[in-house]
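To start, the structure itself, in structure tokens.
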């Protein structure tokens, strides 16, 4: 076994999602698109069945599997950011469901959950006041965590 990578189940928009994610993350690209050889629950013959893509060097597989399954919060992807500017960038690009935002977690327009946090989050929230400050946040604000220490 060489490596393990996630397969993301979409209804019919795996190609749209892959292209969106590739536009958001640096060093990313679509690797391969496989079209259905017959009608499937998610599309007709010739439609995109699977799409392989890389996000900053990490491989993903997008599958158009039909409407049977939806993303939920039990699985999320963590984006370790070097500074507030990077947090702000990813938050602006990915957040699409404001009511799902909490403690650095967001949900994108495809329903996928992301954790957008500074790479030193464990250090920043070490302490009662800092932890309480983080629990009140939607997007992580580094300066507010530093002030709460």
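Computed values, structure above
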quantity: Boolean, residue 24 is closer than 15 Å to residue 112 by Cα, touching a residue at least 12 places away in the same chain (Cβ under 8 Å) and in contact with a helix residue (DSSP H, G or I) (Cβ under 6 Å, 6 or more places away or on another chain); calculated: yes
quantity: Wholly within the range 18-135, strands (runs of 3 or more DSSP E) carrying at least 1 residues that are within 30 Å of residue 147 (Cα to Cα); calculated: 76-81, 105-107, 113-118
quantity: Which numbered condition residue 3 misses (of (1) surrounded by fewer than 18 Cβ atoms within 10 Å (Cβ to Cβ); (2) more than 22 Å from residue 77 (Cβ to Cβ)); calculated: (2)
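Conditions tested, residue by residue: (1) assigned by TED's automatic domain parsing to the domain that holds residue 114; (2) in contact (Cβ under 8 Å) with a residue 12 or more places away in the chain; (3) surrounded by 14 or more Cβ atoms within 10 Å (Cβ to Cβ); (4) within 29 Å of residue 140 (Cβ to Cβ).
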{"position": "42", "(1), (2), (3), (4)": "no, yes, yes, no"}
{"position": "47", "(1), (2), (3), (4)": "no, yes, yes, no"}
{"position": "51", "(1), (2), (3), (4)": "no, yes, yes, no"}
{"position": "57", "(1), (2), (3), (4)": "no, yes, no, yes"}
{"position": "70", "(1), (2), (3), (4)": "no, yes, no, yes"}
{"position": "84", "(1), (2), (3), (4)": "yes, yes, yes, yes"}
{"position": "100", "(1), (2), (3), (4)": "yes, yes, yes, yes"}
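The values are calculated or read from the model by the stated rules, or taken from the named source; none is laboratory data. Quick caveat: nothing in here was measured; it's all calculated off a predicted structure. All Cβ positions, even for glycine, are placed from backbone atoms using ideal geometry, and neighbour counts span all protein chains on display.
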